[in-house]
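Student: Please see the structure below; I have some questions.
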Amino acid sequence: MKLEGVLVDLVTYDKRFIDLEHKWENSEAAFWGDMGDRVIFSRSSLVRRREEWQSEDGPVRTVPLGIQTKAGQPI
């Protein structure tokens, strides 16, 4: 699935995003974005969170989307 925009596209949250997720969640930008409330995420906790989002048991089924540049770079 792909939703095209002028500057970026919304695409299915695939392996490219999953591989970068650990780096993004534990970056300095995430630290300051959380106003200094530092939480370190392990890879296994991110996998568990993603599985919970995608589980059939929840009240709402979600479709995870990622943002990528027109050149295909996940951001």
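The values are calculated or read from the model by the stated rules, or taken from the named source; none is laboratory data. Not measured: the values here are computed from a predicted model. Here Cβ is always computed from backbone atoms with ideal geometry, including for glycine, and neighbour counts include all displayed protein chains. Each accessible area value is taken on the protein alone, full model and side chains, heavy atoms only, with ligands, DNA and RNA left out. Shrake-Rupley method; radii C 1.70, N 1.55, O 1.52, S 1.80 Å.
Student: Please work out which one of (1) surrounded by 13 or more Cβ atoms within 10 Å (Cβ to Cβ); (2) part of a helix (DSSP H, G or I) is the condition W32 fails and give its number.
Tutor: For W32, the failing item is (1).
Student: Does E52 count as charged (D, E, K, R), assigned to a helix (DSSP H, G or I) and farther than 16 Å from P74 by Cβ?
Tutor: For E52, the condition - charged (D, E, K, R), assigned to a helix (DSSP H, G or I) and farther than 16 Å from P74 by Cβ - is met.
Student: Can we say W24 is among the aromatic types (F, W, Y) and open to solvent by 100 Å² or more (accessible area, probe 1.4 Å)?
Tutor: When the stated conditions are applied, W24 does not pass them.
Student: Residues in segment 2-17 that are under 17 Å from R50 (Cβ atoms) and either out of contact with any Leu (no Cβ under 8 Å at 6 or more places or on another chain) or loosely packed, with under 11 Cβ neighbours inside 10 Å (or both): how many?
Tutor: Matching residues across segment 2-17 total 4.
Student: Among the residues of segment 39-59 satisfying the criterion of being open to solvent by 100 Å² or more (accessible area, probe 1.4 Å) and more than 19 Å from F17 (Cα to Cα), which is modelled with the lowest pLDDT?
Tutor: That would be P59.
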